[in-house]
Amino acid sequence: MTQSPRNSSAQFIARVALMASLALIFSYVEAIIPYNPGIPGIKLGIANVVTVIALYKFGPKEAVCVSIIRIIIAGLLFNGVFGMLYSLAGAVLSLIGMLLLKKTGLFSVTGVSMAAGVLHNTGQLLVAAALIEDLRIFFYFPVLLFSGIAAGILVGIISQMVLRVLK
């Protein structure tokens with residue numbers, strides 16, 4: 001029996017809604033964790049585990065939808081308009097990077113996630129530079145580079161472990 005397009009789109013919506021809800025829960029948990037390394041803009045990014053899993057388990061459309069929905073709702077609930085703007089810029093760059101690197105087949109889940117962490121921070125820095133109109137903010141890039149690498153590796157390892165269980 002073949003699936004009708006209606007069932008297929010209903011399944012897509014259900015998958016994306018479920019995963020976006022899970023990512024939103026992770027965003028909330030991260031927002032309430034008293035994590036302050038003393039460096040502004042540094043977060044673990046645990047909600048990105050869901051985006052990475054969506055990319056590898058379901059595909060690019062699901063990953064993009066999950067990420068965008070989560071960022072908009074989390075922005076409205078926890079981060080505010082500017083937080084949403086920073087997150088959207090980071091998400092666009094990191095999603096493009098993840099899609100391209102995954103497509104090559106040369107990188108592990110952790111490698112793709114690590115690059116995404118760095119690209120996410122780069123996107124946020126680009127928005128900050130545009131908003132404050134001062135390129136000196138790029139002196140902060142080395143800090144964000146290392147934090148993006150560390151967070152990306154952590155997200156990648158967790159994602160890989162979850163993907164193994166799901167298969």
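The values are calculated or read from the model by the stated rules, or taken from the named source; none is laboratory data. Small disclaimer: the values here were computed from a predicted structure and weren't measured. Using ideal geometry, Cβ is built from the backbone for each residue, glycine included, and neighbour counts are taken over all protein chains shown.
Just a few scattered comments:
- Any chance Phe138 is free of Cβ contacts under 8 Å to residues at least 60 places away in the same chain, outside any helix (DSSP H, G or I) and aromatic (Phe, Trp, Tyr): no
- Test: residue in the stretch 19-32 that is at pLDDT below 95, of a type outside the set (Lys, Arg) and outside any helix (DSSP H, G or I): no
Residue by residue, here is whether (1) at pLDDT 95 or above; (2) more than 11 Å from the chain's Cα centre (by Cα); (3) not charged (D, E, K, R) holds:
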| site | (1), (2), (3) |
| --- | --- |
| Pro40 | no, yes, yes |
| Ile46 | no, no, yes |
| Ile71 | no, no, yes |
| Val81 | no, yes, yes |
| Ser87 | no, no, yes |
| Gly111 | yes, yes, yes |
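- Residue in the stretch 100-111 that is small (Gly, Ala, Ser), part of a helix (DSSP H, G or I), buried (at least 17 other Cβ atoms within 10 Å of the Cβ) and touching a helix residue (DSSP H, G or I) at 6+ places or on another chain (Cβ under 9 Å) present: no
- For the stretch 50-68, the criterion of a residue being of a type in the set (D, E, K, R) and under 25 Å from Pro142 (Cα atoms) is satisfied by no position.
- Meets criteria (in contact (Cβ under 8 Å) with a residue 12 or more places away in the chain, part of a helix (DSSP H, G or I), of a type in the set (Gly, Ala, Ser) and closer than 25 Å to Ile157 by Cα) for Ala128: no
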